[in-house]
Amino acid sequence: MLPHSYAVDSLSRSQDLASAILASTTPSQISATCASIDFFLQSHSPDQSRHFFSITFPILICKLFGFDDASSLPPPPPSQKPPSNGWVELASQSSLPDLSSKIFSLLSPNGTLMNSISAVDRHSLVKYVFPVERLPEWVRFMLSNEKYFRVISDLCPFFKGKVKEDAVQGSLCQIQLNVFEYYLFWFAYYPVCKGNSENLDSNSVKRSSKFRLENWTRSIRGFSGSSKREMEQKFEGNLYIQLLYGYLRAFVPIFDLGAHQPYRSSILNYSLKCDGSVIVRAEFLVNVFVHYWLVDNDFSPIPVNVCKSFGVSFPFRSMLGEIPPTSGLGEVVKLFVKYLNLSSVMSTDGFDNIECNESPRWRVSGGFDSGGSRDLVSLSPSVCSVGSWNSWIQRPLYRFILRTFLFSPVGTSMKNTSQVFSVWVSYMEPWTISLDDFAELDVVINGSSKDVRNQETESQNSGYSPVWQAFVLSNFLYYSSLVMHFIGFAHKFLHTDPEVIAQMVLKVISLLTSSKELVDLIKNVDVVFHSKQAVSSKSALNSLYRIVPSIREQLKDWEDGLCESDADGSFLHENWNKDLKLFSDGEDGGQRLLQLFILRAEAELQGGDIAHAHSLQIIDSLKEKVSYLFGGSTVKPIPISPELRQPQHTRDELFKPRRVGDQTSSNVTYKGDWMKRPISDDEVAWLAKLLIWLSSWLNESLGLNCPEDNDVGSKWFYVNIPGDAVNLNGSGEIVKTLVCLIGSWLLMMGTTTTRLMRKHGLRINLRVLASKKVVMVLLIFVVFSVLKKACGLFH
């Protein structure tokens, strides 16, 4: 127990530090405050630091990330306001390297603050309650329902022991965290909150999980407030990126994970120095970033087989809807994924275990041990190979990328999508990653690049080789199914910026054709996927049959609930790529869709004011790559309606209903008809979807989707009138006769009209009523009528 004088001194100094933190707004004040915090923690024991972490630390988080601008003590929780001008943001935007260095030194994984946090957590001196409203969206929905929050610890092991019932209100639950966990939750939430708040500022519309108005807007800004900022900001110029890399490097080993989990391999490997806390802390860090950045508002956050094993099904689809991931996360996700992919690089290049210590470093030596984690047993995702984090991010990253391609509304800025696209391309090329990519960040952390890079990595091959076959096979959907979804996205957004979209498609096709071995592997897997299992003359194909069930399971799980809707204008909305159609010969196959994209892109680029030579060169390169991928010499003409071969005058003509011969456009497998074109900016999104559904139901009910059979003659039915005279007595009989006559006449007119519509290939389309102009006219008319009646009653 501490003496009273020490406790009073610690309390008073903690309060003084809190006041100083709140008053620090200029670079000089912030630097002085960081020095004061460092001196306080160095001069006090963990017991004496309890008041600092109880009173001062939450305020420090507020000022670091800009969650609160209050000037009084104590401030409200960080969850009350969006981030604005925090210390981290100020240091990133200013040209003061000293300020950035001071803040980084304070928050460094090897700094005094982090060491004090470890000491306090070791004695369990402080616990925090994290605000539920700042958790990932799917976690919030689970905790709001008593039926679901009791199983969240089983579904997500990193929540185990952290979900507690509220002592004051027993019906509610709360998340209790230690100091390290509390800080990491806020650290991971910062870019999410920043992206959401900037989206709200740019849209001037409050985002809702049940009712969205994104389609009323024209653009969504990304992580940066400037639209002219470069697509790829240098990592070393962002303090948050530097801190993220520092935490990943210090807490997440990328070499042999088995060396850090002695309890999971053998009791005989017990070591006081290596007690398993390294891998536990690494798993927690990776899980926090995955669920905050990749999963968050995904309506299928947990693998389907895991939900079935616990007998749980969540109604997240109805609550979250088709919401794209938070924008502005491209830079942090790319660094996170790129760093974790280093583990795959190390395992394929034959690197050895690092020495087991509290903070893993880059030191490597000896040969690679393939049996370090063979006995790994954990409720969390297992590491499929020694030193590999790949299986931890496969599903959430796939859905993160796919949800961006599917749910990004038409009219939004391409910046965020370009960043997500860069993450996807970087993930598919792990053989291009090396420690040299992080050299600049290592300079920031170490002060110099000495002893950071291993000499063997300097001559590392940057191209695909057969040693990467296991990686490609375990991530085959990234190279096949996701490519098809991206082609649909490219068709949908081609009109926004044809040159940028064409460059993105060229980048993907160039990646797939970068190596003959890679092309052959993808084609061979596609062949065995679509063929019945049988003994083949090629031994290479026989060895690939064993992975087909795994690919089918991944396709069903990773794309759970994700498909193109009827109103998004995608070319895949009928079959949603459920059978891997990249190499299919049909009109919805990859070759035909790419050929159609080339025709559309060429027309868009040539139809502009100036056809740049660089743009035309992109099209020529794309033709060459597509021909090489599918084994043809030239791009073949597409055998569909002649209208598509005519020059494209306006973009609306692409989505106009077409007629081929005696058949309506519904019989032609062309997915771009006018009624199913993308939601445009001059339409009310929810009303357009409702009217599309109503039009489809009417067309189906009236049989307008089927052509009139001209071979079958109309059959006329005759009614024999009895010869006896019929006398109409009374007005009732006369009225009944007139009603039947009028009803028969209306029925005949309706039948004739429906028959004429079938004959001429016409369909009901109520979507025109979803135009904002029509809605505005109707709204004005209703308001005018109501005001007119109100004035009449008043007079």
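Does the range 301-310 include one or more residues that are open to solvent by 10 Å² or more (accessible area, probe 1.4 Å), at pLDDT below 90 and over 25 Å from the mean Cα position of the chain (by Cα)? Yes, the conditions are met somewhere in the range 301-310. Is it the case that the range 472-493 has a residue that's over 29 Å from S434 (Cα atoms), open to solvent by 10 Å² or more (accessible area, probe 1.4 Å), within 26 Å of the chain's Cα centre (by Cα) and not assigned by the TED database to the domain that holds D437? Checked against the condition, which is being over 29 Å from S434 (Cα atoms), open to solvent by 10 Å² or more (accessible area, probe 1.4 Å), within 26 Å of the chain's Cα centre (by Cα) and not assigned by the TED database to the domain that holds D437, the range 472-493 yields at least one hit.
Among residues that are within 30 Å of Q48 (Cβ to Cβ), of a type outside the set (S, T, Y) and touching a Phe, Trp or Tyr at 6+ places or on another chain (Cβ under 7 Å), V151 is not included.
Residue count for the range 692-718, restricted to those that are under 18 Å from H760 (Cβ atoms), loosely packed, with under 11 Cβ neighbours inside 10 Å and at pLDDT 70 or above: 0. Screening V163 against (1) crowded, with 16+ Cβ neighbours inside 10 Å; (2) of a type in the set (V, I, T); (3) at pLDDT 90 or above leaves a single unmet condition, (3).
The single condition from (1) under 17 Å from T25 (Cα atoms); (2) modelled with pLDDT under 85 that S100 fails is (2). For the range 48-77, the set of residues classified as at pLDDT 90 or above and closer than 21 Å to A91 by Cβ consists of T56, F57, P58, I59, L60, I61, C62, K63, L64, F65, listed by residue number. Only residues that are among the aliphatic types (A, V, I, L, M), in a helix (DSSP H, G or I) and within 46 Å of the chain's Cα centre (by Cα) were counted in the range 746-795, giving 14. Per this entry, N341 is counted among residues that are open to solvent by less than 10 Å² (accessible area, probe 1.4 Å) and farther than 16 Å from T417 by Cβ.
In the range 101-123, the residues that are on the phi > 0 side of the Ramachandran plot form no Cβ pair under 9 Å with any partner that is assigned to a helix (DSSP H, G or I) and open to solvent by 20 Å² or more (accessible area, probe 1.4 Å), whether six or more places apart or across chains.
Looking at the structure I just gave you, is L506 touching a Leu at 6+ places or on another chain (Cβ under 6 Å), at pLDDT 90 or above and open to solvent by 20 Å² or more (accessible area, probe 1.4 Å)? In short, yes. V139 meets all of the listed conditions (1) of a type in the set (V, I, T); (2) over 29 Å from A32 (Cα atoms); (3) open to solvent by 20 Å² or more (accessible area, probe 1.4 Å) but one, namely (3). Number of residues in the range 103-123 that are in a loop (DSSP other than H, G, I, E, B) and either under 16 Å from S28 (Cβ atoms) or open to solvent by 30 Å² or more (accessible area, probe 1.4 Å) (or both) equals 2.
I'd like to check something: does the range 138-155 contain any residue that is on the phi > 0 side of the Ramachandran plot and modelled with pLDDT under 90? There is no residue in the range 138-155 that is on the phi > 0 side of the Ramachandran plot and modelled with pLDDT under 90.
The values are calculated or read from the model by the stated rules, or taken from the named source; none is laboratory data. Because the structure is predicted, anything quoted here is derived from the model rather than measured. Heads up, the Cβs are rebuilt from the backbone with ideal geometry, glycines too, and the neighbour counts pull from every protein chain shown. Note: accessible area is taken over every heavy atom of the protein model, side chains too, but ligands, DNA and RNA are not part of it. Shrake-Rupley method; radii C 1.70, N 1.55, O 1.52, S 1.80 Å.
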